[in-house]
Amino acid sequence: MNRLGPSRTTRWVIGVLVGAFFAVPLVSTFLFTLRDPAGGLSFARWIALFDPAAAATLKPIWTGLGNSLVLAVVTVAIVLLLLAPTMILVNLRFPKLKPAFEFAVLLPISIPAIVLVVGLAPIYLQIGRALGTGTWTLAFAYGITVLPFAFRSIQASIDAADLRTLSEAARSLGASWPTVVLKVLAPNLRQGLLAASLISIAVVLGEFTIASLLNRQVFQTAMVVVNKQDPYAPAIFTLLALVFVFLLLLVIGRVARGTGKARS
């Protein structure tokens with residue numbers, strides 16, 4: 001019987017090529033940060049990140065990183081407090097609305113960021129008047145951009161759990177709807193909720209276009225500003241951010257495998 005999949009050698013070749021495709025620019029960036037004016041290699045530029053003399057130069061990056069972390073927290077709150085309960089409600093009470101709801105949630109992934117900003121600019125003008133122009137308000141836009149990714153993660157857990165049976169059993173025992181959602185359904189969806197939260201953090205930390213066009217200082221825009229004075233510091237922070245996102249993706253992968261085992 002002929003095998004339909006690629007041979008082991010082919011898989012290894014593809015893996016090496018893909019690995020090299022990602023590894024070469026990362027290794028090159030790392031070596032760039034180690035360049036010494038004398039022509040050698042040293043970690044002096046990495047150590048300089050903690051030098052008080054460089055605090056003024058790096059201040060935009062630390063401020064942008066703090067803003068991005070606040071945005072990540074608010075965006076995750078939007079996903080957990082608005083998107084997840086809405087998905088549970090649609091699946092339990094309004095199953096006929098699932099196709100329309102899914103279309104609306106997945107639509108942002110097909111809209112370019114520049115187009116999204118054009119539509120959001122008048123809205124943010126009113127938000128600025130009502131809530132101020134703090135960077136945290138950018139989470140409303142980020143909440144839209146992460147919808148497709150968070151939706152898929154949560155929906156996978158919903159498909160693996162029998163929400164209707166669980167909710168009806170809890171209601172028959174006298175549990176209120178908040179109790180049903182928080183103590184019965186949420187524990188069964190924790191893997192999807194965790195994956196949605198982690199991928200939302202990854203998206204927020206890597207987003208540049210919306211923040212730049214709406215004139216907000218976040219991690220990515222701050223690195224562009226600092227790059228004009230010190231090209232090495234943004235390169236170092238980029239490597240650290242990539243490592244952090246890579247670790248998040250590993251956690252998401254483990255969560256996804258756990259969800260797959262639960263479904264089987």
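Which listed residue (VAL74, GLY19, PRO6) has the Cα farthest towards the positive end of the charge dipole for the chain, taking +1 on Lys and Arg C-beta and -1 on Asp and Glu C-beta about the Cα centre? After comparing all options, I get PRO6. Which whole-Hz couplings ³J(HN,Hα) result when phi for each residue of segment 133-144 is put into the Karplus expression 6.51 cos²θ - 1.76 cosθ + 1.60, θ = phi - 60°, listed in order with x for Gly and Pro? In residue order, the calculated couplings are 9, x, 4, 4, 5, 5, 4, 5, 6, 5, x, 6 Hz.
Order of THR75, THR145, THR10 from fewest to most other C-beta atoms within 10 Å?
Ascending Cβ contact count within 10 Å gives the list THR10, THR145, THR75.
Using Cβ point charges alone (K and R +1, D and E -1), the dipole size of the chain about the Cα centre works out to roughly 740 debye.
Sort largest first and round to whole Å: the equivalent ellipsoid semi-axes of the chain, each the square root of five times a Cα gyration tensor eigenvalue. Could you put the intermediate results ahead of the total?
Values: eigenvalues 296, 154, 58 Å².
For the chain, the semi-axes come out at 38, 28, 17 Å.
Cα convex hull, segment 106-206: 128 Å³ per residue, rounded to a whole number.
If you average 1/r over all unlike Cα pairs in segment 85-140 and invert the result, what Kirkwood radius do you get in angstrom?
Values: mean 1/r = 0.0737 Å⁻¹.
Over segment 85-140, the inverse of the mean reciprocal pair distance is 13.6 Å.
The angle separating the long axis of helix 55-78 from the principal Cα axis of greatest extent in the chain is about 10 degrees. All distinct Cα pairs of segment 122-264 go into the 1/r average, and the inverse of that average, the Kirkwood radius, is 17.9 Å. Between PHE246, PHE149, PHE237, the GNM of the chain built on Cα springs shorter than 10 angstrom shows PHE246 fluctuating the most. Comparing Cα centroids, segment 97-158 and segment 222-254 end up 24 angstrom apart.
Taking a ≥ b ≥ c as the square roots of the Cα gyration tensor eigenvalues, segment 175-215 comes out oblate, since a/c reaches at least 1.5 and a/b does not exceed b/c.
Taking only alpha carbon atoms, segment 1-99 gives an Rg to Rh ratio of 1.25, where Rh is the Kirkwood radius. Relative to the longest principal axis of the Cα atoms of the chain, the long axis of helix 232-263 makes an angle of roughly 20 degrees.
The charge dipole of segment 1-110, taken about the Cα centre with unit charges on the Cβ atoms of Lys, Arg (+1) and Asp, Glu (-1), comes to about 500 debye, rounded to the nearest 20.
With the gyration tensor restricted to C-alpha atoms of segment 8-49, the semi-axes of the equivalent ellipsoid amount to 33, 9, 6 Å, longest first. Taking Cα atoms only, the orientation of helix 113-131 departs from the longest principal axis of the chain by about 80 degrees.
No lab work stands behind these numbers, since they all come straight from the coordinates. Computed from a prediction, not measured in an experiment: that's the story for all the values here. Here the Cβ is made from the backbone with ideal geometry for all residues, glycine too, and neighbour counts use every protein chain on show.
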